[in-house]
Structure formats: C-alpha cells, structure tokens
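Asks: To start, I am sharing the structure in question, which I have written as structure tokens.
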Amino acid sequence: MKIDVMGVRFDNVTMDEALEQGTALLDTEGASVCVTPNSEIVYEAIHDEEFRALLNSAELVLPDGAGVVLGAKILKTPLKQKVAGIDFAAGMLKIFAQRGTPLYLLGGKPGVADLAAEKMRRLAPGLDICGTADGYFTEEAPVVEAINASGAQALFVCLGAPKQERFMFAHKNELQVRFMAGLGGSLDGFAGTVKRAPQWMIRLQLEWLYRLIKEPKRLGRMMRLPKFVLATLAKRIKG
Ligand code: UDP
C-alpha cells in the first residue's frame, strides 16, 4: 500500500517487508528502481513536478528519515516506520551475497566506492562486487557501458538527489541490471569517510542534528526540514 506524503507516494513497509520487496524485484524482468527520499527531498519534489513524477514511478519508495515519518503522522496517514536507505542497503547486501547477485557501486569521491566495497564484503561474506566507479564523471554513456560490461545484476547509485534519480531513470532501459537503488551518501557511510550518528542519537531521531553539527554547511538544505513540517501542518489544517 502507498501512503502519499506531500505528493510523494511511499511504500508503507517495515524494514523486513522492504527487503522482501527488494528480493522480489530481483526476480522481476527488467530494471526496477528503488528511491529513498528524506523530507528535504520531498520538500524539493513539492516544487518540482518532473522530479516528483520520477520518484513516483519507482517500484519501491522508502521513507529515509524521521521527517517523512513525522509528516505522514501529521497528515494522519502514518507510515509503519522509517526505512533508512543505508540500513536497507546493508540488508540487501546479505541477500545479494546469499543469492550470488553481482553488485556494482557507483558514486562518491574517487576511492570511496572501493573502500565501501571492502567494508561491504566484511558485512556480507561472499558478496560479489563486480565493479565500482566514482560519481564525478562528465559523460554518462561510458558509465552505463562499464556497468553492463561488469555483469552487474544490482546497482547502488550514490550521486545525491536528484542526480541519482535522473541517472537511474535516464538509463533504466539500457541498464541490464535487475535492481538499482538511489542511496545518496550511503557509500560514504559504508566507507566510514562520513561517520554515522551514534546509536543513541539515531534512537532519539536526532540523526539530522548530528549531520548538521558535523557539516554546518548543510544548514541551508536542512532548513527544508522545518519547511516540510510546516507544509504538512498547513495541508492538514486546510484538510
Ligand atoms: N556525489 C557524487 N557525484 C556528484 C555529486 C555528489 O558522487 O556529482 C556524491 C557525494 O560524494 C556523496 C553523495 O553523492 O557521497 C551525496 O551525499 P549527500 O549526503 O549530499 O546525499 P543525500 O543522501 O543527502 O542526498
């Protein structure tokens, strides 16, 4: 079932259900797309119809962040839980390893994807990472060719939003993978180049505060979070 949060239709799933759906997509013909919008991205999509349409045409739309879950609650259509992109990705790695699904990692600064690959192999022994490339390319065609030549069946696209969504949908028909997911800064998270908040902060839904303290230049972007909450309140009041 989909839940509409300010125009973006999210799958109302627990983490286990998200992983089940991801697994089902591996068995589905053609390339399926998973997106993981947080509230900043939903706020962008309110004002960008084309981007919103892209998000809504993904096979799996996961609520990455406490803000989206709060927004859904304010709108009186609660979501079961937050499904953080990086946690979903970590779950999928184990499934790829069990099934022998080759995975390609695209994105991050040079070297980050390789470092992430090393850490991922430790998390999911037996995982086949068949290729990596950084996210700072000028031409897309050679990147698509390299992914196809690697024999990848799964692809993590970590270029930040909306670049990663545009890349996935622009090449959906050419890419010979079964499953691809847009995962923002997740490769930095796996690589350890950007540390994740401590567990207690994640539990208290304060991951955004940790990121803000670590990277104060995100303040402009993060101001979209209160704007998003205000927009959901206004929508609720207007009915
Ligand atoms: N990035 C990239 N190519 C670009 C721009 C960004 O590979 O042209 C990477 C960047 O190195 C970072 C990620 O995309 O690893 C974006 O991270 P951010 O935390 O901004 O993404 P979010 O998850 O917040 O969308």
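Asks: Given Gly151, Gly160, Gly107, which one is away from the ligand (no atom under 11 Å from the Cβ), on the phi > 0 side of the Ramachandran plot and touching a residue at least 12 places away in the same chain (Cβ under 8 Å)?
Replies: Numbers: Gly160 fails: away from the ligand (no atom under 11 Å from the Cβ); Gly107 fails: away from the ligand (no atom under 11 Å from the Cβ).
None of the others qualify; the one that does is Gly151.
Asks: So which of Glu50, Glu59 ends up being closer than 21 Å to Ser186 by Cα and among the charged types (D, E, K, R)?
Replies: Glu59
Asks: From Gln205, Gln176, grab the single residue that is away from the ligand (no atom under 12 Å from the Cβ), closer than 14 Å to Asp64 by Cα and among the polar types (S, T, N, Q). Can you show your working first?
Replies: Details: Gln176 fails: closer than 14 Å to Asp64 by Cα.
None of the other options fit; the residue is Gln205.
Asks: Quick check: is even one residue across region 139-148 within 9 Å of the ligand (Cβ to nearest atom) and either surrounded by 13 or more Cβ atoms within 10 Å (Cβ to Cβ) or free of Cβ contacts under 8 Å to residues at least 40 places away in the same chain (or both)? Steps first, please.
Replies: Initially, region 139-148 is screened for residues within 9 Å of the ligand (Cβ to nearest atom), giving none.
No, region 139-148 contains no residue that is within 9 Å of the ligand (Cβ to nearest atom) and either surrounded by 13 or more Cβ atoms within 10 Å (Cβ to Cβ) or free of Cβ contacts under 8 Å to residues at least 40 places away in the same chain (or both).
Asks: Oh, and also: Taking into account only those residues within region 163-173 that are touching a Leu at 6+ places or on another chain (Cβ under 9 Å) and not aliphatic (A, V, I, L, M), which is farthest from the ligand (Cβ to nearest atom)? Working first, answer last.
Replies: Here is the first cut: in region 163-173, the residues touching a Leu at 6+ places or on another chain (Cβ under 9 Å) are 164-169.
Filter once more, keeping what is not aliphatic (A, V, I, L, M): 164-167, 169.
Numbers: Gln164: 7, Glu165: 10, Arg166: 11, Phe167: 10, Phe169: 16 Å.
Per the stated criteria, the residue is Phe169.
This table checks each residue for (1) of a type in the set (A, V, I, L, M, F, W, C); (2) touching a Ser or Thr at 6+ places or on another chain (Cβ under 9 Å); (3) part of a helix (DSSP H, G or I).
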| residue | (1), (2), (3) |
| --- | --- |
| Ile95 | yes, yes, yes |
| Thr101 | no, no, no |
| Tyr104 | no, yes, no |
| Lys109 | no, yes, no |
| Arg122 | no, no, yes |
| Phe169 | yes, yes, yes |
| Leu187 | yes, yes, yes |
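Asks: Continuing with the same structure: Within the bounds of region 162-171, is there any residue that is farther than 29 Å from Asp48 by Cα and surrounded by 19 or more Cβ atoms within 10 Å (Cβ to Cβ)?
Replies: Keep residues of region 162-171 that are farther than 29 Å from Asp48 by Cα, which gives none.
Scanning region 162-171, I find no residue that is farther than 29 Å from Asp48 by Cα and surrounded by 19 or more Cβ atoms within 10 Å (Cβ to Cβ), so the answer is no.
Asks: Go through (1) more than 16 Å from the ligand (Cβ to nearest atom); (2) surrounded by fewer than 22 Cβ atoms within 10 Å (Cβ to Cβ) for Asp87 and report which single condition fails.
Replies: So the condition that Asp87 fails would be (1).
Asks: Suppose we filter Arg236, Arg211, Arg221 for residues that are part of a helix (DSSP H, G or I), surrounded by 16 or more Cβ atoms within 10 Å (Cβ to Cβ) and of a type in the set (Lys, Arg); which single one remains?
Replies: Values: Arg236 fails: surrounded by 16 or more Cβ atoms within 10 Å (Cβ to Cβ); Arg221 fails: surrounded by 16 or more Cβ atoms within 10 Å (Cβ to Cβ).
It is Arg211.
Asks: All but one of (1) part of a strand (DSSP E or B); (2) touching a Pro at 6+ places or on another chain (Cβ under 9 Å); (3) within 16 Å of the ligand (Cβ to nearest atom); (4) not basic (Lys, Arg) hold for Ile3, so report the exception by its number.
Replies: The one condition Ile3 does not meet is (3).
Asks: Give me the helices (runs of 4 or more DSSP H) completely within region 14-79, filtered to those with at least 1 residues that are within 16 Å of the ligand (Cβ to nearest atom) and at pLDDT 95 or above, ordered by residue number. Reasoning before the result, please.
Replies: Working: elements: 15-26, 39-46, 49-56, 66-74.
Filter on region 14-79 gives 39-46, 49-56, 66-74.
Asks: In this structure, does Ala231 turn out to be within 23 Å of Cys34 (Cβ to Cβ) and either within 16 Å of the ligand (Cβ to nearest atom) or touching a residue at least 12 places away in the same chain (Cβ under 8 Å) (or both)? I'd like the intermediate steps shown before the answer.
Replies: On the way: within 23 Å of Cys34 (Cβ to Cβ): no; either within 16 Å of the ligand (Cβ to nearest atom) or touching a residue at least 12 places away in the same chain (Cβ under 8 Å) (or both): yes.
Judged against the criteria, Ala231 is not a match.
Asks: Output the qualifying pairs, or none if there are none: Cβ atoms under 6 angstrom, residues six or more apart or on different chains, first residue in region 11-26 and surrounded by 14 or more Cβ atoms within 10 Å (Cβ to Cβ) and hydroxyl-bearing (Ser, Thr, Tyr), second residue in a helix (DSSP H, G or I) and at pLDDT 95 or above.
Replies: That search, which allows pairs on different chains as well, returns Thr23/Ile95.
Asks: Those residues that are within 15 Å of Lys109 (Cβ to Cβ) and under 17 Å from the mean Cα position of the chain (by Cα), I need them from region 184-205; list them, please.
Replies: Going through region 184-205, the residues within 15 Å of Lys109 (Cβ to Cβ) turn out to be 184-194.
Answer for region 184-205, where residues must be within 15 Å of Lys109 (Cβ to Cβ) and under 17 Å from the mean Cα position of the chain (by Cα): Gly184, Gly185, Ser186, Leu187, Asp188, Gly189, Phe190, Ala191, Val194.
The values are calculated or read from the model by the stated rules, or taken from the named source; none is laboratory data. Nothing here was measured: the structure is a model prediction, and the numbers come from that model. Because the Cβ atoms are built from the backbone with ideal geometry, glycine has one as well, and the counts that use them run over all protein chains shown.
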